[in-house]
Structure formats: C-alpha cells, structure tokens
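Participant: Can you keep this structure in mind? I'll have questions shortly.
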Amino acid sequence: MNKQIKRTQPAATQANQRPKKNGLLKILLLVLFLSLLVIMLYVVVAEIKRRKSPVVKPPYEVTVEEPEPAELETEQEEELQPEPGFYFANAALIEATKNFADLVYGGAPKPGKKSDYSTLSNTSYYSGYSAERGNPLWVGYRLDAVNTQKRKNKRPSFRDDSRISLSGLPSVYTKSGYDRGHLAPNAPILHRYGVDGQRETFLMSNIIPQTPTLNRRIWVKTERLEEQYSEEFGKVYVFAGPVFGQNPLYLQNKVEIPEASYKIIINESKDGGSFRVLPMLIPQTVSGLEKPETFLTSIDAIEKATGLNFFEPMLDHYEDKLEAEVHEQLW
C-alpha cells in the first residue's frame with residue numbers, strides 16, 4: 001500500500017498547480033491588452049491634434065516666382081507713360097548707347113542683306129563702313145548744347161582712312177559732278193569736339209556722294225536744325241547715311257552713288273527714360289528750295305530702303321509703334 005500511495009502523489013500535486021498557472025496567464029494577457037489599448041488611444045489622440053493644428057510649411061518650401069526682365073520693362077513702360085510723341089527707352093537701349101561712348105543712340109544698326117559693314121570708332125562719331133559699296137552705310141553722333149563761343153578753324157583737307165581697304169578716294173570725286181558730302185557735320189563737330197573731332201569728319205569713311213543742291217542746300221538746312229535742337233533740348237543724337245538703288249552707278253568703279261540720303265534726329269527726354277525721332281529721306285534730285293519737313297517719313301521707310309534695323313534693343317511691340325509712325329511736322 002505504501003508503494004501505491006507514492007505513485008499517486010505526484011499526479012495530485014500537478015492537479016493542484018494548474019489553477020495557479022492559468023491565473024498567471026490571464027493576468028499577463030490582461031496587461032498586454034491594456035498596453036495595446038493605451039498605445040492605440042495615444043495614437044488616436046495624436047492624430048486628432050495633428051488634424052486640428054494649422055499646417056505651416058517651412059521657409060525653404062516657399063517659392064517666389066521672379067518676373068522676367070521683359071515683364072519688368074513692360075511694367076516700367078506702363079508706369080512711366082511717356083509724353084505724346086515720345087517712346088519708352090528700355091534698359092537694353094540705354095545700355096547699348098553707353099557701349100558706343102554715348103554717341104550712337106541704341107547702338108549700331110543691325111545689318112541686313114547687302115548692308116554688312118565694319119564699325120569704325122572716332123572721338124566724335126562712329127561709322128559703319130561698307131568696303132563693297134565704298135561708302136559708310138551709317139554714321140552716329142551726338143551734339144550737345146554749346147555754352148561757350150563757337151570755335152573757328154581752317155577747313156581741313158579730305159583724306160583716306162587707313163582703316164579701310166580703299167585708297168585714293170578724295171580724287172575719285174574730282175570733276176564727277178558730286179560733292180563730298182559729310183555725314184557727321186564739319187562745323188557742329190568742331191564746336192563740340194574741337195579740332196581733332198573736326199579733322200575726323202574729313203575722313204573718307206564719313207563721306208558719301210551728294211549732288212550740290214542736296215549737299216549745299218537741303219543737307220545744310222538739316223545740320224542747322226540739329227544744332228538748333230541741341231541748344232533747345234540740351235543735346236540730340238543723329239543717324240545719317242546713304243540709300244542705294246537697284247541699278248547702281250559708281251565713281252571710277254570704287255564708290256557707289258546713292259539715290260538718296262537719310263537722317264534720323266533723336267531727342268531724349270530730360271530724365272532719359274523716353275525719346276522721340278524725326279526721320280527724313282532726301283533724294284539726290286532735290287531743287288534745294290524745299291524745307292526739311294518736306295522729307296519727313298517713318299523709320300520703317302528708312303529701314304526698308306537701307307536694309308538696316310535701328311533701335312534693335314527695344315522691346316518688339318514698342319519698336320513696332322515707333323517705327324511705323326509717319327512724321328508730318330518738325331518739333
């Protein structure tokens with residue numbers, strides 16, 4: 001009997017320990033459940049707070065679109081509203097003028113077909129010279145008001161320009177029936193730039209063939225007009241050059257004879273923010289009795305006749321308005 005009691009005793013002990021293990025397991029499960037519940041509640045509360053809070057982007061995510069230069073200039077144009085007859089001078093136009101020593105307004109004209117040239121720099125003017133035609137295609141200069149007594153000096157002689165390939169040009173005009181016509185004028189340049197400036201105007205890179213009635217009468221009248229405006233407005237800029245025909249004639253096969261001459265007088269506003277123009281197109285066949293206003297035209301007409309593009313740095317829509325205007329009276 002003792003042996004049987006010893007065998008049954010372990011089984012009774014195991015049966016008594018089972019309720020204790022089950023209770024411990026229940027406690028662990030309850031703790032785990034409560035922990036998960038707390039975590040879920042925390043997540044839910046955090047999400048509610050996040051949704052209620054305003055969203056603020058960090059500074060580096062904020063982007064500001066910068067306006068294009070053309071947009072800025074258009075806004076400036078609208079704000080300035082130039083006086084009637086004046087046109088907005090954008091920054092590119094002003095900068096181009098400075099690049100040519102403040103002598104050529106808007107910079108050198110852009111060449112077109114059969115209008116290629118070499119740019120020659122002088123102290124008193126710039127010249128765009130065509131070796132093919134034996135002529136300057138354009139000359140640009142500035143005349144300021146003269147506040148002192150005007151200078152006098154002996155008239156210099158015409159001379160070749162060593163910077164161009166053609167030589168012996170002064171003699172080409174002898175007994176040809178054509179004058180050696182100045183583009184940058186003799187006396188007005190002397191009064192403003194001195195003797196050295198005057199001598200530059202006698203370089204053949206500044207000379208075109210003009211009939212005596214054009215050169216000595218009408219052209220002189222336009223030069224007087226330039227001087228008058230320079231005194232009245234403080235300064236003027238000028239473009240001048242020849243216009244060639246479809247069937248060219250030459251002086252001794254060197255110098256092409258133009259059929260007309262053009263001139264553009266430019267008056268800048270006092271603040272430099274706008275400008276106006278007086279374009280003229282004058283044929284060789286003038287009588288000499290006409291007034292300068294007879295030959296007023298548009299920039300478009302001059303560009304079509306010469307193949308050059310003036311005021312190229314301007315905003316296109318504004319340049320179109322400027323160049324299309326047909327002028328009918330002097331200032």
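Participant: If I take R0 = 45 Å and measure r between the Cβ atoms of Asn153 and Asp271 in this structure, what FRET efficiency does the formula 1/(1 + (r/R0)^6) give, to the nearest 0.05?
Facilitator: That pair, Asn153 with Asp271, gives E of 0.80.
Participant: Between His317 and Val38, what is the label-point separation in nm under the 7 Å Cα-to-beta-carbon projection?
Facilitator: Once both label points are built, they end up 7.0 nm from each other.
Participant: The range 222-271 to the range 27-45: how many Å between their Cα centroids?
Facilitator: Here the two parts' Cα centres lie 95 Å apart.
Participant: Can you give me the long-range amide H partners of Ala89? Hydrogens built in the peptide plane at 1.01 Å from N, cutoff under 5 Å, separation of 5 or more residues or another chain.
Facilitator: Ser274, Phe275
Participant: According to a simple spin-label model (label point 7 Å from Cα along Cα-to-Cβ), what is the distance in nm between Val195 and Ser162?
Facilitator: Going from the Ser162 label point to the Val195 one covers 2.0 nm.
Participant: For the range 170-185, in order, what is each residue's ³J(HN,Hα) by Karplus, 6.51 cos²θ - 1.76 cosθ + 1.60 with θ = phi - 60°, in whole Hz (x at glycine and Pro)?
Facilitator: x, 6, 4, 7, 4, 6, 8, x, 10, 7, 7, x, 5, 8, 6, x
Participant: Using the Karplus curve 6.51 cos²θ - 1.76 cosθ + 1.60 with θ = phi - 60°, work out ³J(HN,Hα) for each residue of the range 39-48 in order, rounded to whole Hz, and write x for Gly and Pro.
Facilitator: Per residue, the Karplus-derived 3J(HN,Hα) values read 4, 5, 4, 4, 5, 5, 4, 4, 5, 4 Hz.
Participant: Now, a different point. When you count, for each residue, the other Cβ atoms within 10 Å and take the mean per peptide, how do 95-108, 169-182 rank with the highest first?
Facilitator: Going from most to least packed, we get 95-108, 169-182.
Participant: Here's another thing I want to ask about it. Which cross-chain or sequence-distant (5 or more) residues have an amide H under 5 Å from the amide H of Gly107, H modelled 1.01 Å from N in plane?
Facilitator: Under 5 Å from the amide H of Gly107 lie the amide H atoms of Thr97, each far enough along the sequence or on another chain.
Throughout, read-outs are computed from the coordinates displayed, never taken from laboratory work. Keep in mind that what you see is a predicted model, and the values were worked out from it rather than measured. Reconstructed Cβ throughout: ideal geometry from the backbone, glycine too, with neighbour counts over all protein chains shown.
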